[in-house]
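Undergrad: Supplied in structure tokens, the structure appears directly below.
The values are calculated or read from the model by the stated rules, or taken from the named source; none is laboratory data. As the structure is a computational prediction, the values presented were derived from the model and not from experiment. Note: ideal-geometry Cβ built from the backbone for every residue, glycine included; neighbour counts use all protein chains shown.
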Amino acid sequence: MSDASQTLTLLAPVEGVVIPLNEVPDPVFAGLALGEGIALDPLGECLHAPCDGEVVQCARTRHALTLRTDAGLELLIHLGLDTVELQGRGIELLVTVGDQVRAGEPLCRFDADVLALGASALITPIVVTETAGWRLLPLRYAKGERVALGETLMVLTRTSAEQGEAATTKGPLVERCITLALAAGLHARPAARLRAIAREHDVNLEVHREPAAEGASANAESLSALMNLGLVAGSPLRLIAQGARGEVALDAAEALLTTPEAEEHAAGTTPAVPTQALEKELEKELEKELEKELGAGELAGLIASQGLATGPLIVYRPPLPSVPYDGEGESVESPRLKQALNRIGEDLAKAEAQATRQGQVAEAEIFAAHGAWLEDPNLEAAAEARIGDGRSAGQAWREALDVEAERLAASGNDLMAARVADLRDLQRRVMAALSNDHQEASPELPEGAVLVAEDLTPSELVAVADQHPAGLCLAGGGTTSHVAILARARSIPCLVAIGQGLLEAAHEASLESVILDAENGCLALKPTPIQLAEMADRIEVRRQQAETARAAAHEPAITLDGRTVEVRANIGGAEEARLAAESGADGVGLLRSEFLFLERDSAPDEEFQRKEYQAALTALNGKPVIIRTLDIGADKQLPYLRLPTVPNPALGVRGVRLWQSQPKLLETQLRALLGVTPLKALNIMLPMVSEASELHEVRQRLESLAVELGLSERPRLGAMIEVPSAALCAASLADEADFLSIGTNDLTQYTLAMDREDPALASRADVLHPAVLRLIQATVAGAGGRCSVGVCGSAASDELAAPLLVALGVDELSVEPAQIPAVKATLRRLDTAVLAAKLPELLALHDAVAVRRRLGELLALNDAAPLATSSTTTTPTTTTPLTRC
Ligand code: PEP
Ligand code: MG
């Protein structure tokens, strides 16, 4: 590989026939989800290193390995397709992780016959998974061409070299005077397009304000400089292009700047963040489903965590990632900055490509504009100058963007000022890439504030929760997101999916006092004194009800018809286990062990885990504790696992499937679990099980570990029912399992094909959909009394769903600790037999809205036929996620 110059060469690892990557019969490779590259149908039986580098990954099944070059580029060589199935048969690895290899050195030998028989193809993709600022040049091979071992296969160039070339273009100078017709002025997206025109035609393009005496001009390479010209609709300007294709470039630039933008692209309606199109969809959804009118100054949202609150409204902006102030010198900080810019640029390019694939034009353009802005040489130069003054790369970037943001804000042009949020986004992204500290300090909040935010990450929520906000309102989010789960765990009333209007309205709202009614899905921004007084009364009634429920929380929950239902706790670790015990939990129904693995640089070791699991068991004092093995993938990611990017992570390698690629991680967890006492209180639960063999394999592994450790007792082993296949095959799972627990959050998402994190679908991804209910019914029937069936998804604490689940035959409900007293109180007022008689009627309804409505009616019939008698409240409320004020 030639690395010294501006090019990198990758050699053919084996003699073979070329297959373009996008024609490989595997959607992950063909969709370029892992990166660009080429595939070879091998004619040899040994793979050689295409370049010098370090072996940074070898699949346990020996069919794939990754090399990293000194320049940071990462290359995946994937021997054959579906070769993982062979479990390493026919493949001999000649290197191991950490080995330094030279180009041409043998990496692995394979038996082509064994592979041809056991895998779907021998086709071997060679993919650049991490470009680190390099760009793949167009491939010189056509499909079907034969390449010899060691021949040049791919060439990459430095992206910065490309830009340098464009900047030094020579040729005739041409110019043109035009009047800007863009209603929104020269904002980020047209500026990005202007730069693309310059690059496409290989010209140096400048925009000058007219009259020339004012002297303001900007090169099209710099988005900031272009926007700082402050050009608005009607501004005269001069375009100057230098290069052989200057005239053509000017034609394109003139067409761009003198054609008014389409309505949806005008800046007044341009999304400031990539989610606005989704929010529009959401608004439409909500309008359809929610027919009730909102009062003035009221906003509707979905109830993620029930409750009531009043308090001053605070718009929450997460703090900037912390970076060192002083640098370690230009030679260290400069490359650091470049690396971070390249990384973020690649992330944005990927996001743009994905949005384009999904037909989200506006989002794609915004990502493109952010990407172009990131490459702005003026911004980088401003940061470099600060590095020269002794700042760290992160601090230099922060200061450079502060100056730029202030300049935009002070431009006097509202549309330009509105782009400050975009700039802040770039500031945060790059600083995060340069920050070692993942535990950012949270800003101080006033006592009892109602927090408003675009969205929060789980760790941000944990940080603000320590300051005890009275409530939380999010523009985005969904009711089964992990932020919603955490809000429920902390009893913070929370509305989500309110829409972008929230932030705009919040800026105008009085900071004095707002009302958050997370029983009826409403935020009142300008409540009258009478409304505030009424809400204070309601809060007091709820407080008294909660007190009564708490007093009986340690008693069993026995329904009116004599069924005992265990109410257990969903927790994230030992600390919450103590809370669960204090709240009257009959055990732990779900310990999400992944919380132990989050917010760290590496996985916790066996002893750390054992102590945490032991503390949970000790806190529950002999009551059953279900600990779920690591459930990572989709919305929950661990950076240190470096899981490959796949187009559909929710359908990918997650939960128990991770065993294939991360066997050590899960073995360590099993050992830690087997280290606790008493083992008879321990219940190990596997997430995302889709068939009984997965459970069988883990049971065997557990058994041999228990023998190896000389244990006389065995923990119970169970499976989560989160996938329709598991619900439908519950009988075969029950042959292997000691218990089943239904994860209604994922079961709803997979049954309805509605992403649980997608705010546009949040109101429809409802567990009460008859299809989901039928799968729950099938699970209980499949278990046939041979093993217990619990529910640990959010449905267990839904006031309407919980009684129905019990009527469907579920034995145990697991909810956030704070909800235990209230759920027990509800069950004690329930006659399950009467509700069970209504099941055929409910399951025959057409959709979740109809089920909610009917169930609401049935559960309110407390006088004539007590299904669930409601205790006295001053205000009649229906506390369902679809109910609005
Ligand atoms: C579920 O899917 O319902 C569940 C409990 O698991 P999680 O929410 O952690 O995915
Ligand atoms: Mg789940």
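Undergrad: Only one of these conditions is not met by residue 742: (1) under 24 Å from the mean Cα position of the chain (by Cα); (2) away from ligand 2 (no atom under 15 Å from the Cβ). Which number is it?
TA: (2)
Undergrad: Still on this model: Quick check on region 613-633. Is at least one of its residues within 13 Å of the chain's Cα centre (by Cα), buried (at least 19 other Cβ atoms within 10 Å of the Cβ) and within 16 Å of ligand 2 (Cβ to nearest atom)?
TA: yes
To keep it simple, each residue is scored yes or no on (1) at pLDDT below 90; (2) crowded, with 18+ Cβ neighbours inside 10 Å; (3) closer than 12 Å to residue 123 by Cα; (4) in contact with a helix residue (DSSP H, G or I) (Cβ under 9 Å, 6 or more places away or on another chain).
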residue: 14; (1), (2), (3), (4): no, yes, yes, no
residue: 19; (1), (2), (3), (4): no, yes, yes, no
residue: 31; (1), (2), (3), (4): yes, no, no, yes
residue: 34; (1), (2), (3), (4): yes, yes, no, yes
residue: 37; (1), (2), (3), (4): no, yes, no, yes
residue: 50; (1), (2), (3), (4): no, yes, no, no
residue: 77; (1), (2), (3), (4): no, yes, yes, no
residue: 82; (1), (2), (3), (4): yes, no, yes, yes
residue: 85; (1), (2), (3), (4): yes, no, no, yes
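Undergrad: Counting only residues that are in contact with a strand residue (DSSP E or B) (Cβ under 8 Å, 6 or more places away or on another chain) and of a type in the set (Lys, Arg), which one in region 620-659 is farthest from ligand 1 (Cβ to nearest atom)?
TA: 642
Undergrad: Right, here's the next one. If residue 126 meets every condition in (1) under 32 Å from the mean Cα position of the chain (by Cα); (2) modelled with pLDDT under 80 apart from one, which number is that one?
TA: (2)
Undergrad: Could you grab the pairs with beta carbons closer than 8 Å, sequence gap of 6+ or different chains, first residue in region 16-32 and part of a strand (DSSP E or B), second one among the β-branched types (Val, Ile, Thr)?
TA: 16/124; 16/147; 17/147; 18/38; 18/147; 19/38; 19/123; 20/38
Undergrad: Exactly one condition in (1) buried (at least 16 other Cβ atoms within 10 Å of the Cβ); (2) more than 15 Å from the chain's Cα centre (by Cα); (3) away from ligand 2 (no atom under 13 Å from the Cβ) is false for residue 638; which is it?
TA: (2)
Undergrad: Among the residues of region 588-611, write down those that are within 26 Å of the chain's Cα centre (by Cα) and either farther than 11 Å from residue 640 by Cα or at pLDDT 90 or above (or both).
TA: Result: 589, 590, 591, 592, 593, 594, 595, 596, 603, 604, 605, 609.
Undergrad: Still on this structure, I have one more. What is the residue count in region 706-726 for residues that are within 13 Å of ligand 2 (Cβ to nearest atom) and aliphatic (A, V, I, L, M)?
TA: 5
Undergrad: Limited to region 542-560, what total is found for residues that are among the β-branched types (Val, Ile, Thr) and surrounded by 16 or more Cβ atoms within 10 Å (Cβ to Cβ)?
TA: 1
Undergrad: Now for a separate question. Looking at (1) surrounded by 19 or more Cβ atoms within 10 Å (Cβ to Cβ); (2) at pLDDT below 75; (3) not aliphatic (A, V, I, L, M), can you tell me which one residue 443 breaks?
TA: That leaves (1) as the condition not met.
Undergrad: So, in region 576-602, exactly how many residues are within 19 Å of residue 663 (Cβ to Cβ) and either of a type in the set (Asp, Glu) or surrounded by fewer than 20 Cβ atoms within 10 Å (Cβ to Cβ) (or both)?
TA: Number satisfying all stated conditions: 2.
Undergrad: Checking the conditions here, which among 575, 540 is in the same structural domain as residue 823 (by TED's automatic domain parsing) and away from ligand 1 (no atom under 16 Å from the Cβ)?
TA: It is 575.
Undergrad: In region 658-700, which residue that is outside any helix (DSSP H, G or I) and over 28 Å from the mean Cα position of the chain (by Cα) is nearest to ligand 2 (Cβ to nearest atom)?
TA: Applying the filter and picking the extreme gives 683.
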